[in-house]
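Student: Encoded as structure tokens, here's the structure I'll be asking about.
No value in this document is a laboratory result; all are computed from the given coordinates. For clarity, every value in this text was computed on a predicted model and none was experimentally measured. Cβ placement follows ideal geometry from the backbone for every residue including glycine, while neighbour counts extend to all protein chains displayed.
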């Protein structure tokens with residue numbers, strides 16, 4: 001149980017284009033989903049928290065107009081990187097939580113490369 | 001000061017050894033703690049979570065929390081080469097945010 005998927009697993013895009021990453025909880029309803037960014041050999045940095053049907057809460061320093069998050073249902077959240085630049089290249093990981101029961105289950109991650 | 005401090009390693013041990021992974025934290029608001037295992041280029045996998053001081057055991061893994069000294073540990077008994085991964089500790093804030101604050105992770109290599 002507690003399986004979270006992400007799609008795509010890796011994507012290469014040109015500078016200036018937008019990329020959408022999907023995060024799905026496959027066997028449970030996720031009232032809260034989180035989006036993280038991870039640079040090589042560094043820890044997970046929380047970008048934003050989203051609750052189903054509500055606007056996402058972004059961490060300090062994260063541009064909400066650049067990283068658009070939509071949590072349309074209890075099993076799906078999307079992250080859209082708009083007008084991507086090479087510095088946006090990173091490993092993006094989502095997690096989902098069934099509620100205030102604390103556990104977060106992570107997806108396999110999406111490797112984004114902006115050329 | 002980082003809210004969660006963790007030695008990045010790498011830590012290299014022979015197969016069968018007992019592994020001790022440790023973190024310290026500074027945020028007294030943490031209500032729970034978690035240990036995740038992350039293989040290279042994969043998402044983190046939840047190993048253990050604890051809500052209070054003391055020990056929690058699950059198979060070869062034991063999580064230990066000492067809130068008085070703000071110290072958390074993960075012990076791995078009879079370590080295997082398949083345990084080679086990065087181990088991340090995290091403190092949870094609970095409440096409405098349910099946020100996790102992660103350490104930098106410790107890279108473990110178990111040598112056959």
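Student: With just the Cα atoms of the stretch B:37-112, tell me how far they stretch along each of the three principal axes, in Å, largest first.
Tutor: Result, largest extent first: 42, 27, 20 Å.
Student: Once each part is reduced to its C-alpha centroid, what is the distance from the stretch B:28-101 to the stretch A:1-35 in angstrom?
Tutor: 24
Student: Let me ask you something else. Show me the ranking of peptides A:44-55, A:88-99 by mean Cβ neighbours inside 10 Å, starting with the highest.
Tutor: Details: A:44-55: 18.2, A:88-99: 21.7.
Sorting A:44-55, A:88-99 by mean packing, highest first, produces A:88-99, A:44-55.
Student: Tell me the label-point distance for the pair residue A:59, residue A:89, using the 7 Å Cα-to-Cβ offset, in nm and rounded to one decimal.
Tutor: 2.2
Student: Hey, another quick one. Sort A:7, A:71, A:85 so that the residue with the fewest other Cβ atoms within 10 Å of its own Cβ comes first and the one with the most comes last.
Tutor: On the way: A:7 14, A:71 24, A:85 11.
Neighbour counts put them in this order, fewest first: A:85, A:7, A:71.
Student: Right, here's the next one. Listed highest first by mean packing, meaning other Cβ atoms within 10 Å per residue, what order do A:73-80, B:63-70, A:30-37 come in?
Tutor: On the way: A:73-80: 19.1, B:63-70: 15.2, A:30-37: 24.5.
Highest to lowest by the protection proxy: A:30-37, A:73-80, B:63-70.
Student: Using 7 Å Cα-to-Cβ label points, what is the residue B:51/residue A:7 separation (nm, one decimal)?
Tutor: It works out to 3.6 nm between the two label points.
Student: Also, quick follow-up: 7 Å from Cα along Cα→Cβ at both residue A:113 and residue A:15: what's the point-to-point distance in nm?
Tutor: Roughly 1.7 nm, to one decimal.
Student: I would also like to ask the following. Report, for the protein assembly as shown, the % of DSSP beta bridges that are antiparallel, rounded to 5. List each step's numbers first, then the result.
Tutor: On the way: 74 of 82 bridges.
Close to 90 percent.
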